[in-house]
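Chemist: Mind having a look at this structure? Questions to follow.
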Ligand SMILES: [Zn+2]
Ligand SMILES: [Zn+2]
């Protein structure tokens, strides 16, 4: 027996279809049958398509010949995942269960996209295993993160940009705070994804790594409710406040 991840109905294996790394029953497959539109087909000859959700506009990457659906949108047949509701509770989100799930998924996608940003590039789409149902990354399987070179128009798979300069930052997505470390480009990428910079501290890279790890242990993750006090100075006392380098957009 298999279980449809969207409506949780248990069915014989041959009655479910693999969609977006998970199994869906026929009625759930039907609900999203015309949800996604192909934006880029096999960029650079890669066996991948960039598809966009017609419901919310978020794009994702998908293997050619695979079935997929939006990373963010749930539907009228979706049922709540208790683990996601627990996260929503921790983040003190006050929407319906579906709004909260979709907000967590959308923010997870934005945070992932921000990791690939660099000047001269438009990050187009990623693929996070587990979304939209689990609200967070479940396994590391992915069809990759893709972007377009602003000058040449070439669409290609992106490699992650790792932070060199030491910045420890706290940004706000709606009512959720996200902290992390990285370069000025990383912070700008969050702002471009709609985040508001709360505080940004500069310090030697090694200190920033240690400080970020302490915060992560303290808060059990990198996303917390806006009412949770996140004290960057407590973990990075010698940090220089450079927040005003990042104007709110
Ligand atoms: Zn179903
Ligand atoms: Zn969508």
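Chemist: Run down 230, 200 and say which single residue is out of contact with any helix residue (DSSP H, G or I) (no Cβ under 6 Å at 6 or more places or on another chain) and not assigned by TED's automatic domain parsing to the domain that holds residue 95.
Modeler: From the options 230, 200, the qualifying one is 230.
Each row is one residue, and each column tells you yes or no for (1) surrounded by fewer than 14 Cβ atoms within 10 Å (Cβ to Cβ); (2) assigned by TED's automatic domain parsing to the domain that holds residue 193; (3) modelled with pLDDT of 95 or more.
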| residue | (1), (2), (3) |
| --- | --- |
| 11 | no, no, no |
| 17 | no, no, no |
| 21 | no, no, no |
| 28 | no, no, yes |
| 44 | yes, no, no |
| 76 | yes, no, yes |
| 96 | yes, no, yes |
| 106 | no, no, yes |
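Chemist: Are there any strands (runs of 3 or more DSSP E) wholly within the range 34-81 with 2 or more residues that are more than 19 Å from residue 123 (Cα to Cα) and away from ligand 2 (no atom under 12 Å from the Cβ), and if so which?
Modeler: Of the strands (runs of 3 or more DSSP E) lying wholly inside the range 34-81, none has at least 2 residues that are more than 19 Å from residue 123 (Cα to Cα) and away from ligand 2 (no atom under 12 Å from the Cβ).
Chemist: Taking the stated definitions as given, is residue 30 within 16 Å of ligand 1 (Cβ to nearest atom) and in a helix (DSSP H, G or I)?
Modeler: Against the criterion (within 16 Å of ligand 1 (Cβ to nearest atom) and in a helix (DSSP H, G or I)), residue 30 qualifies.
Chemist: Among the numbered conditions (1) part of a helix (DSSP H, G or I); (2) out of contact with any helix residue (DSSP H, G or I) (no Cβ under 7 Å at 6 or more places or on another chain), tell me where residue 100 comes up short.
Modeler: (2)
Chemist: Condition first: surrounded by fewer than 23 Cβ atoms within 10 Å (Cβ to Cβ) and touching a helix residue (DSSP H, G or I) at 6+ places or on another chain (Cβ under 8 Å). Now tell me which residues in the range 118-132 satisfy that.
Modeler: 118, 119, 123
The values are calculated or read from the model by the stated rules, or taken from the named source; none is laboratory data. Bear in mind the structure is a predicted one, so any value in this text is a computation, not a measurement. Cβ sites come from the backbone with ideal geometry, for glycine too, and all protein chains shown count toward neighbours.
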